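The values are calculated or read from the model by the stated rules, or taken from the named source; none is laboratory data. Computed from a predicted model, the values in this text were never measured in an experiment. Counting neighbours? That spans all protein chains shown, and the Cβs are built from the backbone with ideal geometry, glycine included. For accessibility, only protein heavy atoms count, side chains too; no ligands or nucleic acids. Shrake-Rupley method; radii C 1.70, N 1.55, O 1.52, S 1.80 Å.
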Amino acid sequence: MNAPGVLSSPPGGDPEADVAIAAHHLGKRFSLRHERPTTLSQELLGVFRGGPATEPFWALDDVSFSVIRGRALGIVGRNGSGKSSLLKILAGTLAPTTGTLVVRGTISTMLQLGAGFHPEFTGRNNVHLSAALLDIPEATLRREFDGMVAFAELERFIDVPVKYYSAGMLARLGFALSTAVREDILLIDEVLGVGDLAFQRKCEARMRALLTSGVTVVIVSHDVEAVRSLCDEAIWLDRGRIRAAGPAEVVVDAYCAASAG
Amino acid sequence: MSVPAPVVIFTHRKTLWQYRRLLLALAGRDIRARYRQSFLGVYWSVLNPLLQTAVYAVVLTKVLHVPSETVPFAVLYFSGVMYWNFFTTAVTGAMGSVTTQVNLLEKHRFPIAVLPLASIVARSLDFAISAVVLVVLCSWYGVALAPTAWAALPLLVVAGAAAVGAGLLTAGLHTLYRDVGHLVNLSFTLGFFLTPIIYDVVAFPPRYRFWLLLNPVAATIHGTRLALFAGTVPPLEDVLPGTLVAIAVLVIGVASFRRLQATFTEVL
């Protein structure tokens with residue numbers, strides 16, 4: 001698995017053991033077909049017209065970065081800058097078009113509100129299914145369940161179908177679930193801002209505890225203050241390219257300055 | 001424009017087998033969702049084929065006077081339709097399983113094949129219930145199961161392989177072309193009559209029997225009837241062609257699904 005010349009090897013030990021995520025020149029190209037033919041007749045018409053008009057669109061272009069184990073990386077940028085695509089690639093649900101990506105360790109994700117929750121089923125029911133999705137062992141789930149519900153402050157509502165949950169309740173359950181079991185890497189997309197202030201504090205405290213225990217965290221957020229306070233480093237994505245990378249405060253300041261101006 | 005292929009390495013990627021708990025959880029959810037807010041719940045999977053059987057039995061024996069030689073028509077029909085219902089509901093369920101659950105694959109990394117497989121597993125429960133109903137039906141009509149009944153068991157594998165293969169194939173194609181849904185419905189309407197459900201294979205013109213039995217579901221039903229009622233172990237020449245077709249369908253289904261699954265999160 002050694003990629004000579006990609007990472008400099010410090011003397012002694014596994015040279016890459018401390019890098020949790022290493023991305024080199026990642027690119028993601030989508031084909032923008034303004035009308036994607038989904039039926040045969042449309043496809044046939046497309047053939048006669050000389051193929052469907054597709055326009056290549058690089059959602060990510062030449063993105064390189066690495067995250068050291070136990071550190072937090074923040075990703076900021078405007079809507080449509082490729083933040084979510086990048087996180088999906090890190091989560092493995094989207095394949096990059098170009099580049100190299102190495103992810104070392106088990107992954108827990110919290111991508112969007114109520115990800116994978118079935119509206120008709122109760123919170124308890126959905127937690128069991130999500131636990132299977134996140135591959136949390138049955139025994140662990142039994143042990144952690146009450147604590148998780150308490151953390152999410154949903155004791156009274158856990159047996160109610162989640163279609164009656166508010167956005168805040170969904171966010172709380174999702175966060176409690178994806179942090180209930182310590183995985184090596186935690187990927188979080190744009191969900192911290194939903195809970196109220198007290199819950200945001202609780203989330204921050206838990207994230208800090210996870211970071212201290214060696215968990216690597218990647219956060220996509222418009223909440224620049226959260227990125228500033230939680231993350232060690234940050235990258236600023238602009239139309240799919242890295243516009244700035246470095247210490248979180250510096251990058252966030254630059255991003256804020258550009259957005260204000 | 002040529003682009004060098006990406007290299008993606010996840011050191012902790014799990015195999016399909018490690019996701020068996022997810023598979024069972026999804027199958028359980030599928031079953032519960034189907035019977036949610038219905039008073040009769042799971043009894044529908046008994047009632048449905050029984051009512052179907054009653055209607056066909058009355059129409060074919062009392063109105064059209066179709067003679068039934070070996071076993072009472074209700075038993076003959078039920079032994080066929082239980083496989084047919086399993087196959088068609090499994091394929092239909094598997095086909096829609098990916099397109100209706102995009103929210104899951106966008107947010108979690110897991111082998112996508114779990115989705116169609118879970119929906120097929122969910123339909124196996126209905127099949128298992130049907131099998132019990134068949135036994136009850138047999139004793140009701142005084143039909144004794146032959147000592148060769150064990151020979152029906154390997155045929156379950158053939159039916160399962162055909163369902164998994166066709167389910168994966170249609171699930172993958174359905175994400176690209178919704179035409180597949182209509183095509184499958186049409187072929188099921190025709191297939192019902194080209195499968196020995198309301199008739200016995202014996203009644204089929206011998207010249208075309210080979211072609212009839214190429215259909216894995218037909219071969220399974222025919223073999224099961226021979227084993228259960230006629231007291232003969234199904235001859236290889238009757239069940240082997242269908243078995244080979246089932247294996248071919250399985251291979252094609254698995255290969256096409258693997259090939260197509262990388263594009264799912266992009267086209268859906």
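What to note about this one:
- Residue list for the stretch B:69-111, restricted to those being free of Cβ contacts under 8 Å to residues at least 40 places away in the same chain and surrounded by fewer than 17 Cβ atoms within 10 Å (Cβ to Cβ): B:Thr100, B:Asn103
- Residue match in the stretch B:224-232 (condition: surrounded by 23 or more Cβ atoms within 10 Å (Cβ to Cβ) and of a type in the set (Val, Ile, Thr)): yes
- Selection count where residues are more than 9 Å from chain B (Cβ to nearest Cβ), closer than 20 Å to B:Leu104 by Cβ and touching a Lys or Arg at 6+ places or on another chain (Cβ under 6 Å), scope the stretch A:68-123: 2
- Residues considered: B:Leu117, B:Leu145. Of these, the only one that is within 14 Å of another protein chain (Cβ to nearest Cβ) and among the aliphatic types (A, V, I, L, M) is B:Leu117.
- Each residue in the stretch A:209-261 was checked for being at positive phi and either assigned to a loop (DSSP other than H, G, I, E, B) or open to solvent by 50 Å² or more (accessible area, probe 1.4 Å) (or both), and 3 of them qualify.
- Only residues that are among the hydroxyl-bearing types (Ser, Thr, Tyr) and touching a Phe, Trp or Tyr at 6+ places or on another chain (Cβ under 8 Å) were counted across the stretch B:95-145, and they come to 2.
- Members of the stretch B:26-56 found to be charged (D, E, K, R) and open to solvent by 50 Å² or more (accessible area, probe 1.4 Å), listed by number: B:Arg32, B:Arg34, B:Arg36
- Taken over the stretch B:16-25, the residue count meeting the criterion of being facing chain A (nearest Cβ under 7 Å) and open to solvent by less than 40 Å² (accessible area, probe 1.4 Å) is 2.
- Strands (runs of 3 or more DSSP E) fully within the stretch A:57-132 counting 1 or more residues that are modelled with pLDDT under 85, on the phi < 0 side of the Ramachandran plot and open to solvent by 10 Å² or more (accessible area, probe 1.4 Å): A:107-111
- Some residue of the stretch B:178-196 being outside any helix (DSSP H, G or I), open to solvent by 50 Å² or more (accessible area, probe 1.4 Å) and basic (Lys, Arg): yes
- Among residues of the stretch A:171-185 that are open to solvent by 10 Å² or more (accessible area, probe 1.4 Å), those with a Cβ under 8 angstrom from a residue that is part of a loop (DSSP other than H, G, I, E, B) and polar (S, T, N, Q), sequence gap 6+ or separate chain, pair up as A:Arg182/A:Ser213; A:Glu183/A:Thr106; A:Asp184/A:Thr106.
- Being under 16 Å from the mean Cα position of the chain (by Cα) and either over 18 Å from A:Thr109 (Cβ atoms) or of a type in the set (Lys, Arg) (or both) holds for only one residue in A:Ala245, A:Ala205, A:Ala234, and it is A:Ala234.
- So B:Leu60, is it touching a helix residue (DSSP H, G or I) at 6+ places or on another chain (Cβ under 7 Å), part of a helix (DSSP H, G or I) and within 14 Å of chain A (Cβ to nearest Cβ): no
- Any chance B:Leu260 is within 14 Å of chain A (Cβ to nearest Cβ) and buried (at least 17 other Cβ atoms within 10 Å of the Cβ): yes
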